[in-house]
1. If we scan the stretch 202-218, do we find a residue that is under 8 Å from the mean Cα position of the chain (by Cα) and either part of a loop (DSSP other than H, G, I, E, B) or of a type outside the set (Asp, Glu) (or both)?
2. Which numbered condition trips up LEU124, out of (1) in a strand (DSSP E or B); (2) touching a residue at least 40 places away in the same chain (Cβ under 8 Å); (3) among the hydrophobic types (A, V, I, L, M, F, W, C)?
3. Go through the stretch 62-105 and report how many residues are of a type in the set (Ser, Thr, Tyr) and in a strand (DSSP E or B).
4. Restricting the search to the stretch 27-52, which residues are under 13 Å from PHE63 (Cβ atoms) and loosely packed, with under 13 Cβ neighbours inside 10 Å?
5. Based on this model, can you work out whether LEU317 counts as more than 17 Å from ASP252 (Cβ to Cβ) and either crowded, with 16+ Cβ neighbours inside 10 Å or under 35 Å from the mean Cα position of the chain (by Cα) (or both)?
6. Enumerate the pairs (first residue in the stretch 244-256 and modelled with pLDDT of 55 or more; second residue anywhere and of a type in the set (D, E, K, R) and surrounded by fewer than 16 Cβ atoms within 10 Å (Cβ to Cβ)) with beta-carbon separation below 9 Å, excluding pairs fewer than 6 apart on the same chain, so at least 6 apart or on different chains.
7. Name every residue in the stretch 314-332 that is out of contact with any Asp or Glu (no Cβ under 7 Å at 6 or more places or on another chain) and touching a residue at least 24 places away in the same chain (Cβ under 8 Å), in order of residue number.
8. Considering only the stretch 300-379, give the helices (runs of 4 or more DSSP H) lying wholly within it that have at least 1 residues that are farther than 20 Å from LYS264 by Cβ.
Amino acid sequence: MTKYALLFLISVSLFSCNNNNRFQVGGVVEAAAGDTLFLEHTALLETTTIDSVVLDEKGDYEFQSVRPAFPDFYRLRLNNKVIAFSIDSCEEIIIDAKSQHFASDYKVTGSEASNQIKQLRISLFNIQLKVNQLTPNLSEQDKYSRIESIKLDIETHKELARKLILQNPRSTAAYYALYQKVNDTYLFSPYIKADKPYCGAVATSYNVYMPDYERTKNLYSLVMDAIKVERKARRDELWNEVLATSGTGYIDIVLNDKNNVERKLSQLVGNLILIDFSAYESKQSVNYTFALRNLYNKYHSRGFEIFQISLDQNKLLWQQATKNIPWVCVRDQNGLNTNYVKSYNISSIPTTFLMTKQGTIIARSLGFEELEKEIGKNL
């Protein structure tokens, strides 16, 4: 970087930051005379060219552009080789490079995050280089040895990325780390248990400080979906455990009804049964009860039963509400802490299960329209 260029950048920086809300990037590219250098914006879905310059013998260049509303990513491109960097504010960044190894042999001044991005990129570049060397003519032993070496390199790379994320999850380098790929496969994924805390840290930090940013919305949505998938998988796992250990396809429920008479779910086997976990003290109870009554009145004569487990805390309210209920309704005084809630993996109410005449659970928490179709189909 020449002294003239450096002074120029500093003076432009002071002027642009104070008056035009712009950023600039400049420097020198060695041995690139006659080549075109491009400044490009790397958005979430596309990359667009902002400006370009044909380099002369000196290789000096200066680009300016409007500062982004949120921290964002840019790149310099020379003959299909790129240098990635980020802009977090009204900054001036100096990037000096050499034409021959433009994407890896460069120096960044004025942006810590961009230097961290450089670390991540060079580390990944070396991994990808090793992956590219896995050719079909390798012996099995050689191939195995190289793959093991790549695995170690990936873990070393991810450890570098983890440290950057924990150091500042709101930084562009932290975000960048989550989206690095080898052979189009992301190294971090919120669907992988070990990666989830790091993806979550960046997503949460971005959501707190930049909730309206499109990158925030995209990442936060991805992490939340992963959490939902994990919860569902765990619910399914628990339920499969219940079925596997019950020996009957269901866990028997034994509780007293409003008349203090012991009632068992197993006593109704031989009928099509709707097992219903709900509470009469909930706001939607009235409409929900009417919907259940319609099903009961319509299908009871054909062998349809409802076994309802009330999770009401207020016993008197429950007794009054169930005074004229025609189906079996029992209550556990432990409410949401009952073992049956845990056994049936109930996370919200109402939750229902449709059980065949043979005692096999065939559906969980269907809407009333779909539930009625299943009832008609199985009677």
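The values are calculated or read from the model by the stated rules, or taken from the named source; none is laboratory data. Being a predicted model, the structure only gives us computed values, none of them experimental. Note: ideal-geometry Cβ built from the backbone for every residue, glycine included; neighbour counts use all protein chains shown.
1. So far as the stretch 202-218 goes, no, none of its residues is under 8 Å from the mean Cα position of the chain (by Cα) and either part of a loop (DSSP other than H, G, I, E, B) or of a type outside the set (Asp, Glu) (or both).
2. Of the numbered conditions (1) in a strand (DSSP E or B); (2) touching a residue at least 40 places away in the same chain (Cβ under 8 Å); (3) among the hydrophobic types (A, V, I, L, M, F, W, C), the odd one out for LEU124 is (1).
3. Our first condition is that a residue be of a type in the set (Ser, Thr, Tyr); within the stretch 62-105, this holds for 65, 74, 86, 89, 99, 104.
Adding the requirement that they be in a strand (DSSP E or B) leaves 65, 74, 86.
Residues that pass the stated criteria total 3.
4. THR36, THR49
5. On the way: more than 17 Å from ASP252 (Cβ to Cβ): yes; either crowded, with 16+ Cβ neighbours inside 10 Å or under 35 Å from the mean Cα position of the chain (by Cα) (or both): no.
Considered against the rule, which asks whether it is more than 17 Å from ASP252 (Cβ to Cβ) and either crowded, with 16+ Cβ neighbours inside 10 Å or under 35 Å from the mean Cα position of the chain (by Cα) (or both), LEU317 comes out as no.
6. ASP252/LYS264; ILE253/LYS264; VAL254/GLU262; VAL254/LYS264; LEU255/GLU262; LEU255/LYS264; ASN256/GLU262
7. Once the filter is applied, which keeps residues that are out of contact with any Asp or Glu (no Cβ under 7 Å at 6 or more places or on another chain) and touching a residue at least 24 places away in the same chain (Cβ under 8 Å), the stretch 314-332 yields GLN319, ALA321, THR322, LYS323, ILE325, PRO326, ASP332.
8. Output list reads 315-321, 368-378.
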